[in-house]
Every structure is written in structure tokens, then in C-alpha cells.
Amino acid sequence: MTPCLGWAANSPAAEKADYTLRIATGLVELAPGHVVSTTLYNDQFPGPLLRFSEGKRVVVDVYNDTYTPELVHWHGQMIPSDVDGAAEEGSPYVPPHAMRRIAFTPKPSGFRFYHTHVVAGGDLNRGIYTGQVGPVYIEPKDNPGAYDREVFLVMKEFEPSFSRGGDMAMDFLAGEPIQELKHIGKAVDDEAKDKTKGFEVGYRLFSINGKMLGHGDPIRVRQGERVLFHVLNGSAGEIRSLALPGHHFRIVALDGNPVPNPTDVPFLWLGTAERLSAIVEMNHPGVWVMGDLADDDRQNGMGIVVEYAGQKGKPRWVKPKPYRWDYSLFGETNSAPAAPDATIEMTIVKHNSALKGFNQWTLNGEAFSMETMKPAFTVHEGRRYRLKFRNASDDIHPLHLHRHSFELTRIGGKPTAGVIKDVVMLGGFQELEFDFVADNPGPTLFHCHQQLHMDFGFMAIFHYA
Ligand SMILES: [Cu+2]
């Protein structure tokens with residue numbers, strides 16, 4: 001018999017909760033002239049940093065003080081479906097003005113996070129458009145600790161609105177577009193009745209740890225210090241970059257999982273919901289803007305000041321030279337991944353403006369239906385599956401698999417091994433392959449983490465036979 005690790009109840013049991021999360025509307029003072037009203041965890045943004053210990057069971061009471069049902073998803077953890085926090089997997093909602101107690105055994109160790117998992121659709125006051133995002137750190141059983149201290153950074157936009165067309169960076173991923181995928185995309189565009197592009201979401205205000213650039217405390221460092229940054233892209237749909245002029249980032253973990261080949265990069269790229277852990281050796285004294293490469297976004301708040309001890313003056317920004325973000329850099333150089341037992345192919349297609357001005361997304365010709373929640377794929381426990389994604393759209397998709405980690409096996413046209421993640425960016429008109437082992441029975445959601453994509457078709461359920 002499988003031990004039951006997760007359980008849920010509507011009334012508090014005799015046991016005391018280890019953590020309490022309270023979902024309610026509140027204010028975030030991003031800067032003195034910019035106080036936003038949104039839904040928060042424990043009246044703060046980001047939500048409190050929850051430090052769990054790997055393998056030590058936790059009890060969390062989730063209070064919902066709003067008027068709508070909510071869900072807290074434990075992103076990147078291998079826990080049962082009923083506590084994972086996705087309605088599509090059968091997790092119960094936390095009803096309005098009610099409490100739900102959940103318990104689970106956190107794993108694996110590393111940098112994870114929690115966030116709401118409700119459908120926002122066209123409502124920009126729902127889902128991850130709100131402030132319902134918080135970091136989780138699961139302490140490993142043993143910690144190598146080759147750094148002096150840790151700093152957690154949550155990158156997040158506020159004040160969303162719809163527009164036609166976006167301005168997101170699209171050409172920074174390694175690999176080239178595939179002609180056949182371009183042809184599929186073009187054929188779909190040509191057949192569409194509506195030729196206009198669907199809505200995209202833009203933002204007015206940007207922040208790191210809930211403060212616009214220049215308005216929070218600077219990160220104060222000393223020369224020679226090694227700082228381990230844990231960076232989370234807590235956006236509902238934006239891709240973020242982060243540079244610290246004159247410094248390199250040594251990538252040590254992706255989505256909380258140590259990489260086989262820690263490598264220096266000039267700056268970071270993070271798709272929606274991705275996490276990066278990187279060590280920066282503070283060897284270039286000054287007062288610096290650590291910020292996003294997108295000038296508008298940085299000027300509207302997406303940055304934080306790094307100040308060396310004894311240094312004064314206006315924070316300086318220097319735009320770094322562009323380079324291609326290549327996940328395979330961090331992978332094994334001399335070994336191949338294990339062979340899969342089966343391969344599942346998914347072709348991703350965008351139907352411009354097909355749903356009242358919103359783009360509709362299909363996987364192998366089918367848009368996910370919230371009404372039927374029909375599982376799309378069946379897996380057998382213990383088997384290894386290779387998922388092959390073919391993106392017939394020009395958008396970058398941060399692909400996310402719940403309750404399992406996956407190993408990248410091919411990306412940007414290159415084979416790789418050993419990079420373990422739970423979100424990965426798939427480039428426009430590109431292909432990508434990852435493997436996962438079906439080792440956590442229960443309904444398992446797969447979706448694009450771009451809220452606008454997942455809400456309009458880009459989801460599927462894996463069901464264990
Ligand atoms: Cu997407």
C-alpha cells in the first residue's frame with residue numbers, strides 16, 4: 001500500500017499548523033507614489049519565504065479572506081495531487097471566507113515557490129496577475145555552502161492591462177527556428193477568419209521584492225564576498241533578464257536543482273516561473289543597478305541597487321552585450337540521458353483572436369477544456385517518457401510539468417543531459433525534448449506557465465494507468 005502523505009480537512013484538527021497563509025486584498029507600496037491594491041499572502045509582497053526541511057512533514061492552514069475560491073499551488077514539489085493545488089488534478093478549492101488545512105512532505109530540496117492556480121481568463125484581478133506569489137526554500141539534508149550568504153529576489157510586475165501585441169524579448173534563446181514549424185504556423189494564420197493578433201498583457205509598474213528600483217533597501221555587499229542569489233520570475237507571463245554591471249553570475253542551480261556543470265554567464269534570463277540560483281563574486285566595487293535589460297521595464301522599477309561597503313554615489317547601469325541563453329551549457333558534457341520507454345509528441349498551435357479577441361492554444365489540435373478536464377495522455381508508473389514539443393508559434397513558452405521534475409534531453413537543436421527542471425522555455429518555431437519518470441501517481445497537470453496561454457487552451461492532464 002502507498003502511504004498517504006497528503007490529506008485535507010475543512011476544520012482545524014488538534015495538531016497545530018506549522019505555517020499559516022492568509023489570502024486577502026491588501027496594499028503594496030512599490031514606491032511612495034505607487035501603492036497598488038491586489039491580492040496578497042499574509043498582507044505582504046512577496047509572500048513570506050517558507051523554509052521547509054526536505055522530508056519533514058509540514059501542516060499549512062490556508063485562509064481565504066476573498067470572495068472567490070482560491071488554490072495554493074506548491075510549484076516544483078513532488079507531492080500528492082490533492083494537495084498540489086491545481087483543480088485540474090482534483091485539489092479542492094479553498095472556498096471564499098473559509099480555511100483549508102493541507103499537509104505534505106516537502107521534496108525535493110532547493111528553491112521552489114508557491115502561487116495561486118486559479119484561472120484568470122480575461123480578469124486581470126485574478127490568478128498570478130495578483131500578488132499571490134511567495135518563495136519556498138527546502139533545506140537539503142546536507143548543504144555544500146560554498147558561499148557567504150543568500151539573497152532571495154522575486155521579480156514581479158504590477159498594474160496589468162491588455163493590449164494588441166507585445167514587446168517582449170524573443171530572440172535571446174539558443175537555436176534556430178525550424179522552417180516546417182513556420183509553415184504550420186503560417187497555414188493556420190492563413191485559414192483564420194480573424195487576421196488580427198490576440199490580446200497580450202502589458203504592465204505599468206515593475207519590482208524586485210515588492211519595491212521599484214531605488215525604493216527598497218540596497219543589497220549591501222563587501223568586496224570579495226560570494227553572494228548566492230536565488231532569483232524567481234514571479235510574473236504571470238513576462239520573460240525577465242537580470243544583469244549586474246561588471247559582474248558574472250555562476251549558475252549553480254536551475255529551478256532549485258543543482259546543475260552538473262556550473263558555468264559563468266554575463267547575465268540571467270528567466271521565463272515565467274523559472275528559478276535560478278547563481279553565485280556572484282563581489283569583485284567590482286561601486287554602487288550598481290542590478291536590473292532588467294529591457295530599458296522601459298527597468299526605468300519603471302525592474303531592478304535593485306547593489307552597494308559595496310564604503311562606496312557612494314548614484315547607482316550606475318551599464319548595458320551588457322547580448323548573448324544567447326543556452327540551457328545545455330549547464331548540462332553534462334560526456335554522458336547521454338537514459339533511453340525512454342516511450343515518446344509523446346506535442347505540436348503547439350496558436351489561433352489568433354479565436355476566443356473573443358484572445359488567442360486560443362491547441363496541443364495536437366486540442367484546446368484544454370475546463371468543463372470536461374479530459375486527460376490527454378496516459379502514463380504507467382515507473383516508466384520513463386520523452387516529451388517532444390514542436391512549437392508552431394512565434395511565442396516563447398515556459399513549459400511546466402506539475403509534481404515531477406524533468407531532464408532536458410534536447411534543446412535549441414543540441415542534445416544534452418543532466419539538467420533537471422520543472423519549467424523550461426521553448427523558443428518560437430523551435431523544438432525541445434525532455435524526459436520524465438512517472439514516479440508520482442495521481443493526475444498530473446502540464447501547461448504553459450504564461451497565464452494567458454494556460455487559460456486559453458495550453459494545458460493537458462497526464463493520467464496514471
Ligand atoms: Cu505559452
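The values are calculated or read from the model by the stated rules, or taken from the named source; none is laboratory data. Everything quoted here is computed from the prediction, not taken from an experiment. With ideal geometry, Cβ positions are generated from the backbone for all residues, glycine too; neighbour counts draw on all protein chains shown. Please note that ligands, DNA and RNA were not included when accessible areas were found on the heavy atoms of the full protein model with its side chains. Shrake-Rupley method; radii C 1.70, N 1.55, O 1.52, S 1.80 Å.
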Given the residues I304, I344, which is the only one that is closer than 26 Å to H230 by Cβ, of a type outside the set (S, T, N, Q), part of a strand (DSSP E or B) and in contact with a strand residue (DSSP E or B) (Cβ under 8 Å, 6 or more places away or on another chain)? I304
Residue list for segment 355-397, filter: aliphatic (A, V, I, L, M), within 16 Å of the ligand (Cβ to nearest atom), in a strand (DSSP E or B) and surrounded by 20 or more Cβ atoms within 10 Å (Cβ to Cβ): L363, L387
In this structure, is L242 surrounded by fewer than 23 Cβ atoms within 10 Å (Cβ to Cβ) and either of a type outside the set (G, A, S) or at pLDDT 95 or above (or both)? no
Heads up, the strands (runs of 3 or more DSSP E) in segment 21-87 (entirely inside) with at least 1 residues that are of a type in the set (S, T, Y) and open to solvent by 50 Å² or more (accessible area, probe 1.4 Å) are 34-41, 50-53, 58-64
Please go through segment 210-237 and give me each residue that is under 15 Å from R298 (Cβ atoms) and outside any strand (DSSP E or B), ordered by number. M212, L213, G214, H215, G216, S235
Suppose we filter segment 153-172 for residues that are touching an Asp or Glu at 6+ places or on another chain (Cβ under 8 Å) and at pLDDT 95 or above; how many remain? 3
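For segment 412-426, what are the residues that are closer than 25 Å to A187 by Cα and either open to solvent by 10 Å² or more (accessible area, probe 1.4 Å) or in contact with a His (Cβ under 6 Å, 6 or more places away or on another chain) (or both)?
Residues satisfying the conditions are G412, G413, L426.
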Could you please let me know if F429 is crowded, with 20+ Cβ neighbours inside 10 Å and more than 16 Å from the ligand (Cβ to nearest atom)? no
Candidate set from segment 436-455 (those that are more than 8 Å from the ligand (Cβ to nearest atom) and assigned to a loop (DSSP other than H, G, I, E, B)); member that is least open to solvent (accessible area, probe 1.4 Å): A438
